[in-house]
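Notes for the one structure printed next.
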Amino acid sequence: MNTANPETAASVKIGPISYRAGCSEAGCRNLGRLQMIYADAGGRPIAHPVLCHEHGHERLTRDRTAGLKVFDDREGS
């Protein structure tokens with residue numbers, strides 16, 4: 001699943017993770033802190049990468065620019 005194509009994803013839900021995982025961006029060795037669940041127009045999940053804060057913010061900016069609906073479920077945001 002390529003989330004770089006805004007035509008395949010219609011929305012993204014952002015939330016913290018409660019388990020230990022690495023960032024899913026290629027070459028990144030940071031600890032994953034956010035899970036981004038991409039969904040199609042029908043609300044069906046199509047991808048769920050775990051990202052560090054830096055890559056999460058980069059993707060969030062890109063997704064908002066692409067016109068995806070963003071649902072932020074992080075506490076205190």
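Worth a mention:
- For region 49-69, the criterion of being surrounded by 12 or more Cβ atoms within 10 Å (Cβ to Cβ), among the hydrophobic types (A, V, I, L, M, F, W, C) and in contact with a Pro (Cβ under 6 Å, 6 or more places away or on another chain) is met by at least one residue.
- Leu34 in contact with a His (Cβ under 8 Å, 6 or more places away or on another chain), of a type outside the set (S, T, N, Q) and modelled with pLDDT of 90 or more: yes
- Of all positions in region 51-60, at least one carries a residue that is aliphatic (A, V, I, L, M) and over 17 Å from Ala9 (Cα atoms).
- Looking across region 27-77, the residues that are touching a residue at least 60 places away in the same chain (Cβ under 8 Å), within 13 Å of the chain's Cα centre (by Cα) and part of a loop (DSSP other than H, G, I, E, B) come down to Leu68, Asp73, Arg74.
The values are calculated or read from the model by the stated rules, or taken from the named source; none is laboratory data. These numbers were taken from a predicted model, which means no experiment stands behind them. Every residue, glycine among them, receives a Cβ derived from its backbone with ideal geometry; neighbour counts consider all protein chains shown.
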